[in-house]
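K.L.:
Could you have a look at this structure, given as C-alpha cells, before my questions?
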Amino acid sequence: MPFKKNLKQMLFWVLAFTLFIAVYQNVKTADKEKEIPYSEFKAKVKAGEVMKVTVRPDLIKGEYKDGANTASFRTIPLTDAKLVEDMEAGGIKSFSGEADKSWITSLILNLGWIAIFVFLWWFLFFRQAQMGGKQAMSFGKSRAKQQDLKKQKVTFKDVAGCDETKEELNDIVDYLKNPKKYRLLGGELPKGVLLYGPPGTGKTLLARAIAGEANVPFFTSSGSEFVEMFVGVGASRVRDLFERAKKSAPAIVFIDELDAVARARFAGIGGGHDEREQTLNQMLVELDGFESNEGIILIGATNRPDVLDPALLRPGRFDRRINVPIPDIKGRTEVLQVHALKIKMGPDTDLNVIARHTPGFVGADLANIVNEAAIMAAKHDRKFVEQKDIEEAIEKMIAGPQRKSRLISDSEKKIVAYHEAGHALVARMLPGSDPVHRVSIIPRGPALGYTLQLPLEDKYLTSKTEILNKLSILLGGRAAEELTFNEVTTGAHDDLSKVSNYAQKMVMEFGMSEKIGPLSLRKDESEVFLGRDIMRQPAYSNETAKNVDDEVKRIVQECFVKTKGILTDNKKSLDAIAAALIEKEVIDAAEMDAIMKGQAPGEVVGV
Ligand code: ADP
Ligand code: MG
Ligand code: ZN
C-alpha cells in the first residue's frame, strides 16, 4: 500500500512539474518575441531587414536585424497573396511554412489542466467519500479502540495508594496471564469486574494497568459511546465489541463510565430510554453468552454504582465489585511520589507534609497539584519545584486563583478582616478543632477571604462536639461583624448555608438531636436523583417536620450565642488579629500565636 501511494504521489509531481515547464516555456518564448504589427513586418521585409521567417496559418515568427543585433518577432498574418513575392524581393535567406501546431499544443496544455482537475477532484472528493462510506458503513460497529500496549504501558506501579484494590485485581491479572491453570481446576472466574469509587480516584488508570500487567489486548470504550440517537445502534455496537474481543481472547473489554448506559431501566422521569435499554439488554446477553473460561473479562468503571441496573450486578455478570477509595494519608503520599517522579523536585520539598494538608483529595487532584506546582515554579524561573509552589498549588485548588488585581475599599477590607478574624479566633478558642493554618483576606475565587484549617490526621468519624464546634467557627465571621460594626453583611452567606446544611444533617441524618432521637429522616438522595421516588411522600409527619425545624433553629442559635460569647470575651485578640490582617493580608499559625500572646500589632484605631 505505501508503495502504491508513493508512486501516485510521484506521478502527480512529475505531471505537475512537466506542466509547469511547458507553461513557463510558452510564456518565456512569447515574452522574448516582440509582437509587431503586420504593416511593420511588411515594411521590414521590404527594407531587407528581415533574415528569417517561419509562416504558420495563425502566426508569423522570425528574426530581423535590429542595428547590430538580431531580434525575434512575431505577428499575426493577414491574407496576403504577395507575401512570398515580397519576401523574395526582400532577400530573406530562409523562409518556410509550418503546419498549425497550436491546436495540438493547446490541447496538450488543456489536457494537462484537465488531468490536474481530475486528479484534484479524485483526491478531495473520491477519497473522502470512500472514507466517509467506510464510516457510514461502520455506524453500528463499536468505536472501541484497541489499546496499543507497547506504546503506553501503564502498570500497577503507576497506580498508587490503593494496595487493597490492586491486591484484589491481582487474581484477574493472574487469570488473564495463564488461563489454562484456572481452566484445569475448573474454577469459575468472574466475567465482569466493576470498579467503583468517587471521580478521580484512578479507576480508568487501574483498568489500563490491569491490561498492562496481564499483557493482553485491551478494548476500551466509554458508556456514552453506546448511547446514540438511533435505537439499536448501541446494541449493535455492544455486539460488535464483544465479537472483536472474542477473536483476540484472552482479552479485556473495558467500559468506562458504565452508568451512562447501564442505569436502572424504567428509572428516568418520563419513562425509559429505549436506546439505552436495548443497549443494556444486549450487554446482559453478551455477558451471559460467553463462558467464564473463554478468557474475556469485562471491566466496568463508574462513580455511581447505586444507579446501575440491578440485573447487571447479579452473579455471573459484574460479580466482582471492587471499591477504589479516596486515598488516606499514606496513599496520598504514594500518589504524590508517583507524580513527583515526573517533575524536578527541589531538596526542600516534603511530600508527607503535602499529604497531611490534603485530606479528601483524590489521585487526580494530587496529580493536578504536582503539575500546577511545576507550572508555578516555571513561572518564577526556578530550577526546581519548591515546597511553597506546591502549597500555592493546593490553595489554588481549594480556593481558586489568587485575585491580586481586584481592588477592595478600605472599609470593605476591614469588614472582611474582622469576619475572618472571627472564624480564626473561634477556631483557636474551641478545644479539639482543627488548627488554623492560615488566615487571609486576599480574595480567591468567589471568596473575599478565607481561614484555612488543616486537620492533623484523617478522620472517618466526627463527633457531635466536633460538628457543633464547626458550626460555631462558621458562625464566627458573622458574629464578629455584628459585634464590631453593629451591622451585618452578605459576606457570611456561604457560611450560613453551610451551617444550615450541617445542622439539618445533625438532626435528620445523624440522629444528634435528643428531641428527634436517633432517627434518620432523610431518604437516599440517589433515588431522588433517579426520579424513581420523586413523588413519594416524606416518611415523617408534619409534626416531626416542625420539630426538625425547631431543633435546627435551636442548635444554630445556641452555637451563635456561644460564638458571640467567645468573641466578646476575647475582643482584644479579635481586634489584634483583624489589625494584623489589614496590615499583612495573610497571617500564618505562628503569627497568630504571637498575636494571641500579645506580642504583635496592637489595637486598631477607630473601630
Ligand atoms: P477516575 O477514572 O477514577 O475518575 P482516572 O483514572 O481518570 O480517575 O484518574 C485521573 C488521573 O489522576 C490519572 O490519569 C492519574 O494521573 C491521576 N490518578 C488518579 N488516581 C491515581 C492513583 N491512585 N495513583 C496515581 N495517579 C492517580
Ligand atoms: Mg475515569
Ligand atoms: Zn466566612
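The values are calculated or read from the model by the stated rules, or taken from the named source; none is laboratory data. Just so you know, these numbers come straight off a predicted model, no measurement behind them. Heads up, the Cβs are rebuilt from the backbone with ideal geometry, glycines too, and the neighbour counts pull from every protein chain shown. The accessibility values were calculated without ligands, DNA or RNA, using every heavy atom of the protein model including side chains. Shrake-Rupley method; radii C 1.70, N 1.55, O 1.52, S 1.80 Å.
K.L.:
Do any helices (runs of 4 or more DSSP H) entirely within segment 30-140 hold 2 or more residues that are out of contact with any helix residue (DSSP H, G or I) (no Cβ under 6 Å at 6 or more places or on another chain) and modelled with pLDDT of 80 or more, and if so, which? First the steps, then the outcome.
P.N.:
Values: elements: 38-47, 83-89, 102-121, 127-137.
Qualifying helices (runs of 4 or more DSSP H): 38-47, 83-89, 102-121.
K.L.:
Search segment 297-328 for residues being in contact with a Ser or Thr (Cβ under 9 Å, 6 or more places away or on another chain) and at pLDDT below 85, and hand back the single one that is surrounded by the most Cβ atoms within 10 Å (Cβ to Cβ).
P.N.:
327
K.L.:
Inside segment 329-351, can you point out the residues that are closer than 25 Å to residue 170 by Cβ and open to solvent by 20 Å² or more (accessible area, probe 1.4 Å)? Walk me through how you get there before you give the answer.
P.N.:
Within segment 329-351, the subset closer than 25 Å to residue 170 by Cβ is 329-339, 341.
Across segment 329-351, the qualifying residues are 329, 330, 334, 337, 338, 339, 341.
K.L.:
Another one. Looking at 184, 205 in this structure, which one is hydrophobic (A, V, I, L, M, F, W, C), away from ligand 1 (no atom under 14 Å from the Cβ) and over 24 Å from residue 284 (Cα atoms)?
P.N.:
On the way: 205 fails: away from ligand 1 (no atom under 14 Å from the Cβ).
Only one candidate qualifies: 184.
K.L.:
Another question, if that's okay. Tell me which residues, restricted to segment 181-201, are under 28 Å from residue 365 (Cα atoms) and open to solvent by less than 20 Å² (accessible area, probe 1.4 Å). Step through it out loud before you land on a result.
P.N.:
In the first step, residues of segment 181-201 are kept if they are under 28 Å from residue 365 (Cα atoms); the result is 193-201.
Correct list: 193, 194, 195, 197, 201.
K.L.:
Now for a different question. Only one of (1) farther than 18 Å from residue 596 by Cα; (2) in the same structural domain as residue 578 (by TED's automatic domain parsing); (3) at pLDDT 90 or above is not met by residue 426, so which one is it?
P.N.:
(1)
K.L.:
Check 285, 233, 261, 216 and return the single one that is of a type in the set (Val, Ile, Thr), modelled with pLDDT under 75 and either within 16 Å of ligand 1 (Cβ to nearest atom) or not assigned by TED's automatic domain parsing to the domain that holds residue 338 (or both).
P.N.:
Going through 285, 233, 261, 216 in turn, the sole match is 233.
K.L.:
Which pairs turn up if I take residues in segment 244-259 that are of a type in the set (Asp, Glu) and look for partners that are more than 16 Å from ligand 3 (Cβ to nearest atom) and open to solvent by 40 Å² or more (accessible area, probe 1.4 Å) with beta carbon separation below 7 Å, at least 6 apart in sequence or on another chain?
P.N.:
Matching pairs, first to second residue: 256/204; 257/224; 259/304.
K.L.:
Continuing with the same structure: Quick test of your reading of the structure: residue 325 fulfils all but one of (1) within 16 Å of ligand 2 (Cβ to nearest atom); (2) in contact with a strand residue (DSSP E or B) (Cβ under 7 Å, 6 or more places away or on another chain). Name the failing condition by number.
P.N.:
(2)
K.L.:
Right, next: Do you know which residues across segment 202-213 are more than 21 Å from residue 317 (Cα to Cα) and either within 16 Å of ligand 3 (Cβ to nearest atom) or surrounded by fewer than 24 Cβ atoms within 10 Å (Cβ to Cβ) (or both)?
P.N.:
Step one: list which residues in segment 202-213 are more than 21 Å from residue 317 (Cα to Cα), which gives 202, 205, 209, 212-213.
Matches in segment 202-213: 205, 209, 212, 213.
K.L.:
Taking segment 194-204 as the region of interest, how many residues are part of a helix (DSSP H, G or I) and within 15 Å of the chain's Cα centre (by Cα)? Explain how you work it out, then say what you get.
P.N.:
Narrowing segment 194-204 to residues part of a helix (DSSP H, G or I): 203-204.
Next cut, within 15 Å of the chain's Cα centre (by Cα) only: 204.
The total comes to 1.
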